[in-house]
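To keep things clear, I will list the structure first and then write my remarks on it.
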Amino acid sequence: MSVSHIEHIGIAVNSLEEAIPYYEKVLGLKCYAIEEVADQKVKTAFFKVGDTKIELLESTDPEGPIGKFIEKKGQGIHHLAFAVDNVNESLKEAEANGVRLIDQTSRKGAEGLNIGFLHPKSTLGVLTEFCSEK
Ligand code: ZN
């Protein structure tokens, strides 16, 4: 496994409209992209903090993963995404180490990245994502 850095931190919010001003006005970050990921039933907003991004996630469907997360736990940190060379190889490696996968193979996430999730029951409670450009 070669993790180069934390690619992004995913944060579930009730509303991008309400959350973006906090990140811009209070923290002085700049929202550089807003993108809907229909597959995951979310609208995302991105900020850069050094090499790491903040990914705000607003649910577009109460039955979607973020809708359910917020209903159960409220707003807050949803997942941690590590940048790796190759998502598929990293998923296989994690599985070989006994980790339960949510995604058996990579799929397309926001910003055209390949992504894949590990199950939080296997990762000490942290929903973990791998991201790679290839
Ligand atoms: Zn993510």
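Every number in this text was worked out from the coordinates using simple rules, so none of it is lab data. Bear in mind that the values here come from a model prediction, so they are computed numbers and not experimental data. Ideal geometry is used to build each Cβ from the backbone, glycine not excepted, and the neighbour counts take in all protein chains shown.
Under the condition of being surrounded by fewer than 19 Cβ atoms within 10 Å (Cβ to Cβ) and of a type in the set (Gly, Ala, Ser), which residue from segment 32-62 is nearest to Gly116 (Cα to Cα)?
Here the answer is Ala38.
Going by what's in this entry, would Leu29 be described as in a loop (DSSP other than H, G, I, E, B) and either in contact with a Pro (Cβ under 9 Å, 6 or more places away or on another chain) or surrounded by 16 or more Cβ atoms within 10 Å (Cβ to Cβ) (or both)? Let's see the steps before the verdict.
On the way: in a loop (DSSP other than H, G, I, E, B): yes; either in contact with a Pro (Cβ under 9 Å, 6 or more places away or on another chain) or surrounded by 16 or more Cβ atoms within 10 Å (Cβ to Cβ) (or both): yes.
In short, yes.
Of all residues in segment 80-134 being at positive phi and surrounded by fewer than 17 Cβ atoms within 10 Å (Cβ to Cβ), which is nearest to the chain's Cα centre (by Cα)?
Looking only at segment 80-134, we keep the residues that are at positive phi, and these are 98, 111-112, 124-125.
From what's left, surrounded by fewer than 17 Cβ atoms within 10 Å (Cβ to Cβ): 98, 112, 124-125.
Numbers: Gly98: 22, Gly112: 13, Leu124: 17, Gly125: 15 Å.
The residue in question is Gly112.
Find the residue count for segment 1-18, including only residues that are in contact with a helix residue (DSSP H, G or I) (Cβ under 7 Å, 6 or more places away or on another chain) and farther than 18 Å from Ile70 by Cβ. Quick ask: steps written out before the conclusion?
Initial filter on segment 1-18 (in contact with a helix residue (DSSP H, G or I) (Cβ under 7 Å, 6 or more places away or on another chain)): 1, 12-14.
Keeping just the survivors that are farther than 18 Å from Ile70 by Cβ gives 1.
Adding up the residues that qualify gives 1.
Considering only residues that are within 12 Å of the ligand (Cβ to nearest atom) and more than 20 Å from Leu127 (Cα to Cα), which ones fall in segment 12-66?
Within segment 12-66, Glu35 is the sole residue that qualifies.
Within the set of pairs 6+ apart or on separate chains, which have a first residue in segment 77-104 that is more than 22 Å from Thr52 (Cβ to Cβ), a second that is part of a loop (DSSP other than H, G, I, E, B) and of a type in the set (S, T, N, Q), and C-beta atoms under 8 Å apart?
Final answer for the pair search is Asn88/Thr105; Asn88/Ser106; Val99/Thr123.
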